[in-house]
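Trainee: Attaching a single structure in structure tokens format; questions to follow.
The values are calculated or read from the model by the stated rules, or taken from the named source; none is laboratory data. Owing to the predicted nature of the structure, the values given are computational and were not obtained by experimental measurement. We place every Cβ from the backbone using ideal geometry, glycine too, and count neighbours over all the protein chains shown. Heads up: the accessible areas ignore ligands, DNA and RNA and are worked out on the full protein's heavy atoms, side chains in. Shrake-Rupley method; radii C 1.70, N 1.55, O 1.52, S 1.80 Å.
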Amino acid sequence: MTKRERRSSQSEQTVEKIVKAARQAFAENGYSGTSVDDIARRADVNKATLYYQIGDKQAMYALVIHEVLGGIARKIADAAALETHPEGKLAAYIRTIIQAVEDNPELPSIMIREIASEGAHLPEVAARDIASVLKVLIGILEDGANQGIFSDIPPFLVHSMIMGTILFYQKVSPIKDRQAWIPASLKRRDKPLKGSLADMVQGMVLKAIGSEQRL
């Protein structure tokens, strides 16, 4: 390995450390509650290195969200292309999003905090990423509606139904499991999922948007 290659490898490792630290900090404390000092301390680098490698706090926040959301639209499109039926394409959409959430456990906390702040710090690149994801969903829903499979429901409402269920279930379920005060009568009703989370969300969404002609 040449000296230049070693420097490049070390730089990439440093960026990975910073991004990992930033994700943890933003998930725990939100954008406003996170400082550059905190991220630098978690990453075990000085602030000069952090600014040199990535930029200011806003740049780090944008990178953290874009790293997750940036590739989802392409992955959804690729997964949906393998399906021929609109319901299969929608299932692929849901599975891909759930997989992204499972692969990036900090994402629910970051996104829920962003929603609570009414998108006060949502980076433009993240908004573009979300728009790309919605564009894929619009195509799936329009195809299904044209075939009489789906009702004509606003895509953003369907996306909110999917994301809201996934994000809140992932965060609320562990909290619920820790609460000893929950009445036994309610605990008896709380049974393990019969299938995967993707299967359950898919079933609920398909039931909600199914064409009236098919009901």
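Trainee: Return the residue satisfying two criteria in turn: it lies in segment 81-96 and is open to solvent by 10 Å² or more (accessible area, probe 1.4 Å) and not polar (S, T, N, Q), and of such residues it is farthest from ASP129 (Cα to Cα).
Mentor: Applying the first criterion (open to solvent by 10 Å² or more (accessible area, probe 1.4 Å)) to segment 81-96 yields 81-85, 87-89, 95-96.
Those still in the list that are not polar (S, T, N, Q) too: 81-83, 85, 87-89, 95.
On the way: ALA81: 19, LEU82: 22, GLU83: 23, HIS85: 25, GLU87: 23, GLY88: 23, LYS89: 19, ARG95: 18 Å.
The extreme case among them is HIS85.
Trainee: Moving on to the next point. Considering ALA198, ALA208, which residue is touching a helix residue (DSSP H, G or I) at 6+ places or on another chain (Cβ under 9 Å) and surrounded by 15 or more Cβ atoms within 10 Å (Cβ to Cβ)? Give the steps one after another, and end with the answer.
Mentor: Values: ALA208 fails: surrounded by 15 or more Cβ atoms within 10 Å (Cβ to Cβ).
The conditions single out ALA198.
Trainee: Kindly provide the set of residues from segment 175-199 that are at pLDDT 80 or above and assigned to a helix (DSSP H, G or I), ordered by number.
Mentor: Within segment 175-199, LEU197, ALA198, ASP199 meet the criteria.
Trainee: Same structure again: Identify all residues within segment 140-164 that are surrounded by 15 or more Cβ atoms within 10 Å (Cβ to Cβ) and without any contact (Cβ under 8 Å) to a residue 40 or more places away in the chain; write none if there are none.
Mentor: PRO155, HIS159
Trainee: Between a first residue in segment 22-46 that is on the phi > 0 side of the Ramachandran plot and a second residue that is of a type in the set (Val, Ile, Thr) and assigned to a helix (DSSP H, G or I), which pairs have beta carbons less than 9 Å apart while being 6 or more apart in sequence or on different chains?
Mentor: The qualifying pairs are GLY30/ILE110.
Trainee: For segment 106-121, check the following and say yes or no: at least one residue is under 29 Å from TYR61 (Cβ atoms), touching a residue at least 12 places away in the same chain (Cβ under 8 Å) and open to solvent by 90 Å² or more (accessible area, probe 1.4 Å).
Mentor: yes
Trainee: Name the residues in segment 200-213 that are of a type in the set (S, T, N, Q) and either under 13 Å from THR165 (Cβ atoms) or not in a helix (DSSP H, G or I) (or both), would you?
Mentor: GLN202, SER211
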